[in-house]
Amino acid sequence: MLGTTTWLGIVLIAILLTSLPVYFYSKGYGNNKVSFLLSNRNLLPIITGISLGMAWANSPALFIASGQAYNVGLVGWFWFVIGNILTLAVFGLAAQKVAKSMPEGYTMAGYLKTTHGTYIHRCYVFCSLIASLLVMCIGLVAICTLISITSEISKFLASLIIVTIAATLSFKSGFRATVLVELVKFSIAVLGFGTILYLLSTTPAIQSLTAGLAGMKGNGADLFGTETAWTVFATFGIIVFLGQMSAPWVDNNYMQRGFAYGGDKKKMFWSYILGALVFGVFPLATGLIGFYGVSNAVTIPSGQGQYAIVHIIDQLVGNSATVAFCIIALISSIAIVDDQLNNFADLVKNDIIDSYKIEEKKSLMYTRIAALGFAALGITIINIPFVNLLYVLLLGNIIRTAMGLTTVGLIFKPKAFDGKITGIVLVLSLILTGAAFNYITIYGLKEYTLPLTMISFLGTPLLALILSKIKS
């Protein structure tokens, strides 16, 4: 479809679009802890909002949203989008509370250390690092698979290229570089998607998207009340919805931006609202493109259903638009990998390395080295043969359900939870939930997905609460 030479050109464009702003606007950052991890806590409210939205606009917003719209229809797209948009706004209340009570903080784990002690702090750091690794893998597997199916570049080589670009951005300047790349990502996405949708809606030969709301299977137009609607909800929708609603509570990224916020802390909630709206650009645009694909009978090669959007754009708009989309996808994935490298650095530097009282310059060096090891682990995981986009998305979401509601309780009802007991329950729940999901996936036992999700989401905080009360 594109070829190796075209992809190399796309990579060069992405490097120019990301490296130049980082070079000119991040000088002087990255030399100390607060600069490297939080951009000197100087993010303006509107910049914070865009950064939040783009940190949340991971590869699923590009590929899963369009894939669900094309393959399943409106019901699949709806369950992906609704939780995604609501969750940042809801979490904004907690972020504002935490940032106001701990204005010099760095991580959610650090906040829990002040409220519940050192034991839960260690457990929460472990859980947060697992969640961060999975988010990075989602971003990597999506773009690397896209590159490999549209060129002769292997998935492994593609992953090395993406990680190398991301590492060069944040290695020196840290979080400042991340925010700048996210601003570029938003600008490119608005321009690119706006142009593609304009061409789709104004070309006479292209049929209206409304005829495609039922999806390729032809039975996905109803959100509720049908067998298809229930099946999609039970095997996909509930995991994704609860996983998304849990994600900001357990992914330190979104609290990191709260600590980096440079405006009035009493109004910080509005930046999270803005972030939710900014994020909506991605799944809204890609979902509409998916519906256009159905209404115009675009055919997708076998096994590439989650990458339907690329084939739709190529067949309906043309090669130039496909290249434009791939630039968006590449920059988006670079931003996500860079984002998680900084998230990892925030957790490791503040919550692990600093406990050893190492001189700051040396500790920052150790942090950067550890981040490279983290990236290498991500590359290893996504190149395991059975790891694909939908698998790692659902695994990441179901693991986050084990932490989400429990974190809500720890923040808003701190006296109800014993720190040591809750820490143990969180780690065990995360491990057992992940193991159970893999068992269900391997043996095709999809009917157990819904019970596992509900047990993970509700059972974890309930067990921690009961055991905490017994101890007291």
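We did not get these values from a lab; they are worked out from the coordinates using the rules stated. Just so it is clear, the model here is predicted, and its values are computed rather than measured. Note that we place each Cβ from the backbone using ideal geometry, even for glycine, and neighbour counts take in every protein chain shown.
If R₀ is 25 angstrom, what is the calculated FRET efficiency for the pair Ser187 and Leu377, using the beta carbon separation as r and rounding to 0.05?
0.20
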Quiz item: With charges set only on the Cβ (+1 for Lys and Arg, -1 for Asp and Glu), what does the dipole of the stretch 402-472 come to about its Cα centre, in debye to the nearest 20?
Solution: 280
Quiz item: Can you list the lysines whose alpha carbon sits under 21 Å from that of Lys100, skipping same-chain ones fewer than 8 residues off?
Solution: Lys33, Lys113, Lys265, Lys266, Lys267, Lys413, Lys415
Practice problem: Taking all pairs of distinct Cα atoms, average 1/r, flip it, and tell me the Kirkwood hydrodynamic radius of the stretch 374-440 in Å to one decimal place. | Solution: 13.7
Quiz item: What list of whole percents do you get for P(r) of the stretch 105-218, with Cα-Cα distances grouped in 10 Å bins up to the one holding the largest distance?
Solution: 11, 20, 30, 22, 12, 4, 0
Exercise. Mind checking the full-extension length gain between Leu16 and Lys267? Use 0.36 nm per residue of separation minus the Cα-Cα distance, one decimal, nm.
Key: 86.8 nm
Quiz item: In the stretch 87-105, which residues have a backbone nitrogen under 16 Å from the label point lying 7 Å from Glu360's Cα in the Cα-to-Cβ direction?
Solution: 104-105
Self-check item: Two-site label geometry, Ile431 and Ile466: point separation in nm, points 7 Å out along Cα→Cβ
Solution: 2.1
Self-check item: Positive-end extreme of charge dipole, the chain - chosen from Ile353, Ser19, Ile165 (charges on Cβ)
Solution: Ile353
Quiz item: In deg cm²/dmol and to the nearest 500, what is the mean residue ellipticity at 222 nm of the chain if only DSSP H runs of at least 4 residues count, each as -39500 (n - 2.57), divided by the residue total?
Solution: -25000 deg cm²/dmol
Quiz item: P(r) of the chain in 10 Å steps, Cα pairs, percent per bin?
Solution: 4, 21, 32, 27, 12, 3, 0, 0
Quiz item: In whole percent, what relative contact order does the chain give with Cα contacts below 8 Å and a gap of six or more residues?
Solution: 31
Practice problem: Starting with the fewest neighbours, write out Tyr25, Tyr356, Tyr198 ranked by other beta-carbon atoms found within 10 Å of each beta-carbon. | Solution: Tyr356, Tyr198, Tyr25
Quiz item: Which whole-angstrom value gives the distance between the alpha carbon centres of the stretch 83-103 and the stretch 404-472?
Solution: 21
Quiz item: Dipole magnitude of the stretch 4-471 about its Cα centre, charges +1 at Lys/Arg Cβ and -1 at Asp/Glu Cβ only, in debye to the nearest 20?
Solution: 1440
Self-check item: Relative exposure of Met102, Met268, judged by other C-beta atoms within 10 Å (fewest first)
Solution: Met102, Met268
Self-check item: For the stretch 262-292 versus the stretch 10-31, the gap between their alpha-carbon centres in whole angstrom
Solution: 24
Quiz item: From the backbone phi of the stretch 111-116, what are the Karplus-calculated ³J(HN,Hα) couplings (6.51 cos²θ - 1.76 cosθ + 1.60, θ = phi - 60°) in whole Hz, Gly and Pro given as x?
Solution: 5, 5, 5, 6, 9, 10
Quiz prompt | Estimated vicinal HN-Hα couplings, Hz - the stretch 338-347 in sequence order (Karplus 6.51, -1.76, 1.60; Gly, Pro = x) | solution = 4, 4, 6, 4, 6, 4, 4, 4, 4, 5
Quiz item: To the nearest whole percent, what portion of all C-alpha pairs in the stretch 264-421 is separated by more than 26 angstrom?
Solution: 53
Quiz item: Each residue of the stretch 417-425 in order: what ³J(HN,Hα) in whole Hz does its phi give by Karplus 6.51 cos²θ - 1.76 cosθ + 1.60, θ = phi - 60°, with x for Gly and Pro?
Solution: 10, 7, x, 5, 5, 5, x, 5, 4
Quiz item: Among Asp351, Asp338, Asp251, Asp222, what is the fewest-to-most ranking by other Cβ atoms within 10 Å?
Solution: Asp222, Asp351, Asp251, Asp338
Quiz item: Can you give me the Cα centroid spacing of the stretch 120-157 and the stretch 191-249 in angstrom?
Solution: 24
Practice problem: Just need the relative contact order of the stretch 364-472 here, percent rounded to a whole number, with Cα pairs under 8 Å and 6+ apart. | Solution: 34
Practice problem: Just name one of Val141, Gly237, Ser429: the one whose Cα is farthest towards the positive end of the charge dipole of the chain (beta-carbon charges, Lys/Arg +1, Asp/Glu -1). | Solution: Ser429
Quiz item: What residues have an amide H closer than 5 Å to that of Tyr29, excluding those fewer than 5 places away on the same chain, when H is modeled at 1.01 Å from N in the peptide plane?
Solution: none
Quiz item: Which value, in Å to one decimal place, does the Kirkwood hydrodynamic radius take for the stretch 329-472 when every pair of different Cα atoms is included?
Solution: 17.6
Quiz item: Which longest run of the chain has no exposed loop site in it, a site being GluC sites (Glu not before Pro) in a DSSP loop with at most 10 other beta carbons within 10 Å, and the site itself not part of the run?
Solution: 105-358
